[in-house]
1. Under 9 Å between Cβ atoms, at least 6 apart or on separate chains: pull out the pairs that start in the range 53-67 with a residue that is exposed (fewer than 12 other Cβ atoms within 10 Å of the Cβ) and end on any residue that is in a loop (DSSP other than H, G, I, E, B).
2. Quick check on the range 1-23: of everything there that is more than 19 Å from the chain's Cα centre (by Cα) and at pLDDT 70 or above, which residue is nearest to residue 65 (Cα to Cα)?
3. Looking at (1) at pLDDT 80 or above; (2) surrounded by 10 or more Cβ atoms within 10 Å (Cβ to Cβ); (3) more than 19 Å from residue 61 (Cβ to Cβ), can you tell me which one residue 31 breaks?
4. Go through the range 68-104 residue by residue and tally those that are without any contact (Cβ under 8 Å) to a residue 24 or more places away in the chain and part of a strand (DSSP E or B).
5. Looking at residue 117 and the list (1) within 23 Å of the chain's Cα centre (by Cα); (2) in a loop (DSSP other than H, G, I, E, B), which single condition is not satisfied?
């Protein structure tokens with residue numbers, strides 16, 4: 001009686017490159033950066049701002065091919081205010097997230113008569129308004 005692991009099934013069907021060693025060919029380690037600040041206007045009122053950047057984990061090249069998503073970072077800008085008293089607090093914030101990515105819309109058999117299609121560029125921006133209401137007891 002034999003056994004098969006999910007890992008070997010996924011690799012054998014071509015869903016993941018031939019081995020885990022290929023992962024380091026495609027991806028690189030990255031560090032995320034977040035910075036925020038608060039300015040107290042009064043004892044009860046604060047203004048806040050922040051910036052976040054999440055770099056792309058793709059290497060510039062993988063298996064001799066350029067990866068267009070390598071330089072595409074996910075960024076967030078935020079601004080808000082907070083009001084607090086001894087037993088009550090209220091916060092309001094706005095977050096603007098943005099990133100761009102490139103994708104091949106369909107696989108193509110690369111031949112001299114059928115060249116590789118251009119990649120589609122998609123830019124995303126998302127704004128969120130966030131509220132927090134709290135009571136201390």
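The values are calculated or read from the model by the stated rules, or taken from the named source; none is laboratory data. In this text the structure is predicted, and so the values were computed from the model without any measurement. Please note: Cβ atoms are built from the backbone with ideal geometry, for glycine as well, and neighbour counts cover all protein chains shown.
1. Close Cβ pairs (under 9 Å, with a partner that is in a loop (DSSP other than H, G, I, E, B)) amount to 60/28; 60/67; 63/17; 66/60.
2. 22
3. Residue 31 satisfies all of (1) at pLDDT 80 or above; (2) surrounded by 10 or more Cβ atoms within 10 Å (Cβ to Cβ); (3) more than 19 Å from residue 61 (Cβ to Cβ) except (2).
4. Matching residues across the range 68-104 total 1.
5. Just one mismatch for residue 117, condition (1).
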